[in-house]
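The values are calculated or read from the model by the stated rules, or taken from the named source; none is laboratory data. Fair warning: this is a prediction, and the values are worked out from it, not measured in the lab. Note that each Cβ is placed from the backbone with ideal geometry, even for glycine, and that neighbours are counted across all protein chains shown. Note: areas computed on protein heavy atoms with side chains; ligands, DNA, RNA excluded. Shrake-Rupley method; radii C 1.70, N 1.55, O 1.52, S 1.80 Å.
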Amino acid sequence: MQKNLILIGYRATGKTSISRQLGETLQWNVADSDRLIEQKAKKSIAKIFAEDGEPAFRNLESEVLFEALQKRPLILATGGGLPMREANRILLQQFGKIVWLKASPKTILERMSGDPNTETTRPHLTQLPPFEEIQYVLEQRSPIYREIADLEIDTDQKPPEDIAAQIASWLQKESVKTSVC
Ligand code: S3P
């Protein structure tokens, strides 16, 4: 059975741009859990957090994940917090090859500050100032990302095209392994 390709990682680690690049390379469909949520809720993530609360957002996240994974083969860029729910992790591991995109807190802050979508899609997760929030949440999440990742890639120094090419070549080797086993 062909698996999906799942990109996980903290905010602004390149999941969306790399997934689009990979879609072109592999000629697979591409989806983004955040966009699916916004389509379903018919409002921005910032509004969902503000009006319905983070737990409502997390429930929508699990719903769109389940729905998206039915459409194989798919490249799925996931919101940074999606793997924190155990049920989501089980689904990801069952239906996908998982790539963890990493970046330092400094890079993440720079990218988030430079991204015009941050305001509508990335509400605060804590009461901490931005840099401290990134450090804190990343520290909490990293062991969980690591636990489910089949491949880890540092994105600090590399352009999205190079990372997409690296993932595509890894995936090809993985498919050969799977078909031989
Ligand atoms: C979140 C990350 C965001 C979005 C939401 C929550 C998180 O997605 O799902 O703001 O908990 O880290 P990106 O990782 O695509 O920015």
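Some observations on this one:
- Considered as a group, the residues in the stretch 133-165 that are out of contact with any helix residue (DSSP H, G or I) (no Cβ under 9 Å at 6 or more places or on another chain), open to solvent by 30 Å² or more (accessible area, probe 1.4 Å) and within 15 Å of the ligand (Cβ to nearest atom) include one that is nearest to K43 (Cα to Cα), and that residue is Y136.
- Answer from L69, L74, L101, L82 - the residue that is open to solvent by less than 30 Å² (accessible area, probe 1.4 Å), under 14 Å from the mean Cα position of the chain (by Cα) and under 12 Å from A12 (Cα atoms): L101
- Top-ranked residue of the stretch 8-67 - restricted to ones that are within 19 Å of R85 (Cα to Cα) and aromatic (F, W, Y), ranked as farthest from the ligand (Cβ to nearest atom): F66
- Tally of residues being open to solvent by less than 50 Å² (accessible area, probe 1.4 Å) and under 15 Å from the mean Cα position of the chain (by Cα) across the stretch 1-28: 17
- Selection within the stretch 68-80 - in contact with a strand residue (DSSP E or B) (Cβ under 6 Å, 6 or more places away or on another chain), in a loop (DSSP other than H, G, I, E, B) and within 11 Å of the ligand (Cβ to nearest atom): T78
- Set A87, A31: member being loosely packed, with under 15 Cβ neighbours inside 10 Å and of a type in the set (A, V, I, L, M, F, W, C): A87
- Among all positions in the stretch 54-66, there is no residue which is modelled with pLDDT of 95 or more, of a type outside the set (K, R) and not in a helix (DSSP H, G or I).
- Residue, nearest to the chain's Cα centre (by Cα), within the stretch 85-98, restricted to residues that are part of a helix (DSSP H, G or I) and hydrophobic (A, V, I, L, M, F, W, C): L92
- Figure legend. Inter-residue proximity from the stretch 41-69: first residues free of Cβ contacts under 8 Å to residues at least 12 places away in the same chain, second residues more than 10 Å from the ligand (Cβ to nearest atom) and not in a helix (DSSP H, G or I), beta-carbon distance below 8 Å, spacing 6+ or different chains. Indicated pairs: E51/K43.
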